[in-house]
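Read the structure below first, then the notes.
Here, each number is a calculation from the coordinates, and none is a lab measurement. None of the values given here were measured: they were computed from a predicted structure. Please note: Cβ atoms are built from the backbone with ideal geometry, for glycine as well, and neighbour counts cover all protein chains shown.
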Amino acid sequence: MAITFGMVKDRERNRGRLKEEYAKFVGRKVLFITLSVLIIVALAGVAATLGSANLSVKEVYTAILAKFLPQYFHSTWFSETIVWGLRLHRIIMGIVAGMGLAIAGAAMQGILKNPLASPFTLGIASAAGFGASLAIIMGAGFVGGEYLIIGNAFVFSLLASLTVYGLAKYKGITPETMILAGIAIMYLFSAMTSFLQYVGQSEQVHEVVFWMMGSLGRSSWDKVKIVTAVTVLCLPYLLLKSWDINAMGAGDETAKSLGVNVERTRVICMMLASLITAAVICFTGTIGFIGLVAPHITRMVVGGDHRFLLPASALVGAILLLGADSIARTILAPVILPVGIMTSFLGVPFFIYLFLRRRKEFW
């Protein structure tokens, strides 16, 4: 059959139309990411004004910019002390921790193809809680001094992820085996934590409960640097593997036919997500729902392409955690509620809405 000039013109026209639609498709995602960054910047400025010392948003931004551009911006000693010494490290911790938890949740949901997969449903948070409880109640740990609780939480988080991997490897690494292994680990460490609380003294139990509620109040600039470094080092590989994660969403057999090493990708992404989670929660305590909610919200806006889903989920996670912490600091001021309570209050209504809105499959 001869190809006519008109057929060639139609093909070129269709190709041009598809390129235009794809450009709009990508443009919407880039716009969402840009707006999310602007929201974080604005929310950080507002959050820095909250507290007993009254500062305006302009004074906050001036104090921040004066640190980097002293020749153009001039701030008072009082403003710089309040912003840099007392408030900004908590805000940056909220941003970075929200990003880390959201990235970990999005990666786990992608590689396991399960909307309920998160660092907390797979037992990592329960293991961190047990490690902290062991340090608080028994005084036992892998490191001593002020890093006893942090070190225990970090080590037991990684231990839980390695145990999940070991159990899944024994039966064959599939999404189902990893999820079942994670649930088993979650219940095991939860039971051991409950046992320690039962034998502990009332003051110790109170400290354990408060730690497990999650809080950004224990942040410092040194801790912010560690969490930021771990998140920044792990994110490039996850972004590099975004195409592989997309292929795995169509099924393991389809991904293998496209040349994806499914088991290796699943294991490495799981380990990196676990490492990010461990680095966050060992400093903040248990902060739930961010790794579960942020990827779902983002997926509803930008779709399931992990090239955009991972960075956009990070920004949404930062917005959610920073917003929840701001509410926790003001709703019963001067009492500051643990941010883990606020994230749960925000997360539950969302899942009820998601359940009622989606009557078919979630994926």
Gyration tensor (Cα only) of segment 28-160 to equivalent ellipsoid, semi-axes in Å sorted down, yields 35, 24, 11
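Can you give the convex hull volume per residue for the Cα atoms of the chain, as a whole number of Å³? Could you put the intermediate results ahead of the total?
Values: hull volume 67.5 nm³, N = 363.
Measuring per residue, one finds 186 Å³ for the Cα hull of the chain.
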Connecting every pair of Cα atoms under 10 Å apart in the chain and solving the GNM, the largest mean-square fluctuation among PHE345, PHE25, PHE189 falls on PHE25
Highest mean packing first, using Cβ neighbours within 10 angstrom, the peptides 292-305, 88-101, 36-49 sort as 88-101, 292-305, 36-49
Under the rule rounded for a/c under 1.5, else prolate if a/b exceeds b/c, else oblate, using alpha carbon gyration tensor axes a ≥ b ≥ c, segment 158-231 is classed as oblate
Looks like segment 103-239, by Cα gyration tensor root eigenvalues a ≥ b ≥ c and the a/c under 1.5 rounded cutoff (else prolate when a/b is bigger than b/c, oblate otherwise), is oblate
Kirkwood Rh over alpha-carbon pairs of segment 231-326 plugged into Stokes-Einstein at 37 °C, 0.692 mPa s gives a D in µm²/s of 229 µm²/s
Residue separation between LEU31 and THR254 times 0.36 nm, minus their alpha-carbon distance, gives in nm 77.1 nm
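With helices defined as uninterrupted DSSP H runs, which ones in the chain have an alpha carbon span along their own long axis of at least 30 Å and mean Kyte-Doolittle hydropathy of at least -0.5?
Sorted by number, the helices that extend far enough and score high enough are 5-47, 88-112, 148-171, 175-199, 262-284, 306-330.
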If every Lys and Arg gets +1 and every Asp and Glu gets -1 at its Cβ, then about the Cα centre segment 93-357 yields a dipole, in debye to the nearest 20, of 400 debye
Summing +1 per Lys or Arg and -1 per Asp or Glu among the other residues with Cβ less than 14 Å from ILE179's Cβ gives +2
Which of VAL30, VAL83, VAL339 fluctuates most in a GNM of the chain (C-alpha springs under 10 Å)? That residue is VAL30
Under a Gaussian network model of the chain whose springs join Cα atoms within less than 10 Å, the largest fluctuation of ALA140, ALA278, ALA324 belongs to ALA140
Quarter of the surface of the C-alpha convex hull for segment 197-239, i.e. direction-averaged projected area in nm², equals 4.7 nm²
Ranked output for segments 62-75, 212-225 by mean other Cβ atoms within 10 Å, highest leading, reads 212-225, 62-75
